[in-house]
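First the structure, in the form of structure tokens, and then the observations on it.
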Amino acid sequence: QGQLAESGGGLVQPGGSLRLSCTASQLKFGIYTMGWYRQAPGEQREMVATITSNGRRNIADFVRGRFTISRDGAKNTVHLQMNNLKVEDTAVYYCNGVHGSLAFWGQGTQVTVSS
């Protein structure tokens, strides 16, 4: 049973930066498409960014140019670098790993953007 553990959330002022990390265990990290999703209160969960096993990235329009996704196979970790954060980026951010019919989610990390 794969496990994903997020870290790096917190409170930041508008215009600030945060780096989220997700470390995978008990799964073959190298074959999984990894991603970050977010869910704001009262809203549906939405895709923020994904990265395939060969490094192909898909970035949501609402964060393109501000957020970057990367993966480190040696550390079984995927990162989300978030720059120029806006109040509307406030949400719980979830790490996701998918391979075929297998899918795993982390427990989420809160990101709050507020002055």
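Can you pull out the residues in segment 87-96 that are of a type in the set (Asp, Glu) and open to solvent by 60 Å² or more (accessible area, probe 1.4 Å)? Don't jump to the end; show me each part of the working.
Looking only at segment 87-96, we keep the residues that are of a type in the set (Asp, Glu), and these are 88-89.
Passing the criteria: only Glu88.
Of everything in segment 22-68 that's over 17 Å from Thr112 (Cβ atoms) and among the β-branched types (Val, Ile, Thr), which residue is surrounded by the most Cβ atoms within 10 Å (Cβ to Cβ)?
Ile51
Which members of segment 59-115 meet the condition of being charged (D, E, K, R) and over 14 Å from Leu27 (Cα atoms)?
From segment 59-115, those charged (D, E, K, R) are 61, 64, 66, 71-72, 75, 86, 88-89; that's our starting set.
If the condition is that a residue be charged (D, E, K, R) and over 14 Å from Leu27 (Cα atoms), then Asp61, Arg64, Arg66, Arg71, Asp72, Lys86, Glu88, Asp89 are the ones that fit.
Read through the list (1) in contact with a Gly (Cβ under 9 Å, 6 or more places away or on another chain); (2) over 21 Å from Ser17 (Cβ atoms); (3) open to solvent by 60 Å² or more (accessible area, probe 1.4 Å), then give the number of the only condition that Asn84 fails.
Single failed check for Asn84: (2).
Looking only at residues that are in contact with a strand residue (DSSP E or B) (Cβ under 6 Å, 6 or more places away or on another chain) and open to solvent by 50 Å² or more (accessible area, probe 1.4 Å) in segment 1-13, which one is nearest to Phe29 (Cα to Cα)? Break it down stepwise before answering.
Initial filter on segment 1-13 (in contact with a strand residue (DSSP E or B) (Cβ under 6 Å, 6 or more places away or on another chain)): 2-9, 11-12.
Still in the list and also open to solvent by 50 Å² or more (accessible area, probe 1.4 Å): 3, 5, 7, 11.
Details: Gln3: 10, Ala5: 13, Ser7: 18, Leu11: 29 Å.
If we take residues in segment 1-13 being in contact with a strand residue (DSSP E or B) (Cβ under 6 Å, 6 or more places away or on another chain) and open to solvent by 50 Å² or more (accessible area, probe 1.4 Å), then Gln3 is nearest to Phe29 (Cα to Cα).
Given the condition among the polar types (S, T, N, Q), surrounded by fewer than 16 Cβ atoms within 10 Å (Cβ to Cβ) and assigned to a loop (DSSP other than H, G, I, E, B), answer yes or no: does some residue in segment 97-109 qualify?
Filtering segment 97-109 down to residues among the polar types (S, T, N, Q) leaves 101, 107, 109.
Add one more test, that the residue is surrounded by fewer than 16 Cβ atoms within 10 Å (Cβ to Cβ), and what stays is 101, 107.
Cutting the leftovers down to assigned to a loop (DSSP other than H, G, I, E, B) gives us 101, 107.
Checked against the condition, which is being among the polar types (S, T, N, Q), surrounded by fewer than 16 Cβ atoms within 10 Å (Cβ to Cβ) and assigned to a loop (DSSP other than H, G, I, E, B), segment 97-109 yields at least one hit.
Please find, within segment 65-115, the residue that is nearest to Thr33 (Cα to Cα) out of those that are among the polar types (S, T, N, Q) and touching an Asp or Glu at 6+ places or on another chain (Cβ under 8 Å). First the steps, then the outcome.
Initially, segment 65-115 is screened for residues among the polar types (S, T, N, Q), giving 68, 70, 76-77, 81, 83-84, 90, 96, 101, 107, 109-110, 112, 114-115.
Next, from what is left, pick out any that are touching an Asp or Glu at 6+ places or on another chain (Cβ under 8 Å): 107, 109.
Values: Gln107: 18, Thr109: 20 Å.
The residue in question is Gln107.
From the list Phe29, Phe67, Phe62, which residue is of a type outside the set (Asp, Glu) and modelled with pLDDT under 95? Break it down into steps so the answer makes sense when it comes.
On the way: Phe67 fails: modelled with pLDDT under 95; Phe62 fails: modelled with pLDDT under 95.
The conditions single out Phe29.
Can you pull out every residue in segment 28-67 that is outside any loop (DSSP other than H, G, I, E, B), within 18 Å of Gly108 (Cα to Cα) and not hydrophobic (A, V, I, L, M, F, W, C)?
Across segment 28-67, the qualifying residues are Thr33, Gly35, Tyr37, Arg38, Gln39, Glu46, Thr50.
Residues in segment 57-86 that are β-branched (Val, Ile, Thr) and in contact with a His (Cβ under 6 Å, 6 or more places away or on another chain): how many?
Taking segment 57-86 and keeping what is β-branched (Val, Ile, Thr), we get 59, 63, 68-69, 77-78.
From the residues that got through so far, the ones that are in contact with a His (Cβ under 6 Å, 6 or more places away or on another chain) too are none.
Total satisfying the criteria: 0.
The values are calculated or read from the model by the stated rules, or taken from the named source; none is laboratory data. Keep in mind that what you see is a predicted model, and the values were worked out from it rather than measured. Because the Cβ atoms are built from the backbone with ideal geometry, glycine has one as well, and the counts that use them run over all protein chains shown. We work out accessible area using only protein heavy atoms, side chains counted, and drop any ligands, DNA or RNA first. Shrake-Rupley method; radii C 1.70, N 1.55, O 1.52, S 1.80 Å.
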